[in-house]
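The structure appears below as structure tokens.
The values are calculated or read from the model by the stated rules, or taken from the named source; none is laboratory data. What you are looking at is a predicted structure, and each value in this text was computed from that prediction instead of being measured. Backbone-built Cβ (ideal geometry, glycine too); neighbour counts: all protein chains shown. Quick note on the areas: whole protein, heavy atoms, side chains included, nothing else; ligands and nucleic acids left out. Shrake-Rupley method; radii C 1.70, N 1.55, O 1.52, S 1.80 Å.
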Amino acid sequence: MSGELPAPDYGQIAAVIPAAGIGKRMQSEIPKQYLQLHGKTILEHSANVLLQLPVSLVIALSAEDAYFSTTPLATNPDVQTVIGGAERAYSVLAALKHLDAKQFPWVLVHDAARPLVQLRDIQQLIQQCWQSGQGGILACPVRDTMKRGQLRVEQTVERASLWHALTPQLFPTETLRQALSQALSAGITITDEASAMEWAGQPVQLIEGRSDNIKVTQPEDLALAGFYLESRA
Ligand SMILES: Nc1ccn([C@@H]2O[C@H](COP(=O)(O)OP(=O)(O)OP(=O)(O)O)[C@@H](O)[C@H]2O)c(=O)n1
Ligand SMILES: C[C@](O)(CO)[C@H](O)COP(=O)(O)O
């Protein structure tokens, strides 16, 4: 039908999950991505959503990871692994270097620590980026009044156009690899893929996603993640 928007070719999209962290802030005995949530590890929840899409998945693991092999992901033929780095950005870069950017010109990067992302949010991100030809991120608008300061408030930050960056984040593979590599070499602090693309002058679309796509970071987040899962059952 004329005027119909092009459907994404999922075969051109690779997915990367950085899962090489140690979860210091979680204060748990094991890396937080291997904590149990409704009978599965957090990593499995995060990976299983992506595996509902016909994409190729690469997971970056710590060289000391002693848990991945105990998960069903270890024997999933659609899952490959690489050794990550000392920071999230280096783990993502290691996975990007493993990918053939000609076979997979687009890459979707999703935190292992975000087990609650919903498929329809990911499909919305992919659809919008596919149509525009530009990368983008799931994000949700800030709802609290935001303050800057240390022990006392120094400034109230205008929140009208302030967003929480979430994941997945979707970008052209080779452009992201180059931006990430160059930004890290320049000593730029990179906490998400978008910040490398912004540094490189590349466009980053904001696609509103659900606010329950939380990153399990601190101890109380595990109970909250369980509550959100139960509320969907
Ligand atoms: N060197 C690292 C550090 C983090 N990550 C991954 O990046 C995601 C988001 O990072 P974060 O929530 O900060 O996880 P950790 O670094 O493990 O947490 P902490 O900072 O509390 O140690 C996580 O899935 C984590 O496994 C990674 O792949 N490689
Ligand atoms: C990528 C991210 O989840 C976007 O909000 C966030 O930057 C990860 O930060 P972390 O300190 O590595 O958890």
Original post:
Excluding same-chain residues fewer than 8 positions from Lys32, which lysines have a Cα within less than 29 Å of its Cα?
Top reply: Lys24, Lys40, Lys97, Lys147, Lys215
**OP:** Quick one: check the C-alpha center-to-center distance for segment 1-40 versus segment 159-215, whole angstrom.
**Re:** 15
Original post:
For Ile83 and Ser28 in one chain, what is 0.36 nm times their gap in residues minus the Cα-Cα distance, to one decimal in nm?
Top reply: 17.6 nm
Original post:
Per residue and in cubic angstrom, what volume does the convex hull of the Cα atoms of segment 178-233 have?
Top reply: 106
Subject >> Pairwise label distance in nanometres, Glu220 with Val142, each label 7 Å out on the Cα-Cβ vector >> reply: 1.9
Subject >> Column: log10 I(q)/I(0), Debye, Cα scatterers of the chain, q = 0.07, 0.08, 0.16 Å⁻¹ >> reply: -0.22, -0.29, -1.21
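Compute the length gained on full extension between His164 and Asn76: take 0.36 nm times their separation in residues and subtract their Cα-Cα distance, giving the result in nm to one decimal. The partial results should precede the final answer.
On the way: separation 88, 0.36 × 88 = 31.68 nm, distance 3.23 nm.
My answer for the length gained is 28.5 nm.
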Original post:
What is the set of long-range amide H partners of Gly209 at a cut-off below 5 Å, with H atoms built 1.01 Å from backbone N?
Top reply: Ala139, Cys140
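Taking the Cα centre of the chain as the origin, how large is its charge dipole in debye, to the nearest 20, when only Lys and Arg (+1) and Asp and Glu (-1) carry charge on their Cβ atoms?
Numbers: 18 positive and 23 negative charges, 75 e Å.
Roughly 360 debye, rounded to the nearest 20.
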Subject >> Beta bridges by DSSP in the chain, antiparallel share as percent, to the nearest 5 >> reply: 45
Original post:
What number, rounded to the nearest 500 deg cm²/dmol, is the helix-based mean residue ellipticity at 222 nm of the chain, given -39500 (n - 2.57) per DSSP H run of at least four residues and division by all its residues?
Top reply: -9000 deg cm²/dmol
**OP:** Using a 1.4 Å probe over the heavy atoms of the protein chains, calculate the carbon and sulfur portion of the accessible area of the chain as a whole percent.
**Re:** 49
Subject >> Check: segment 11-136 dipole with +1 on Lys, Arg Cβ and -1 on Asp, Glu Cβ, in debye >> reply: 220
Original post:
Quick one: accessible area per residue over the chain, 1.4 Å probe, rounded to a whole number of Å²?
Top reply: 52
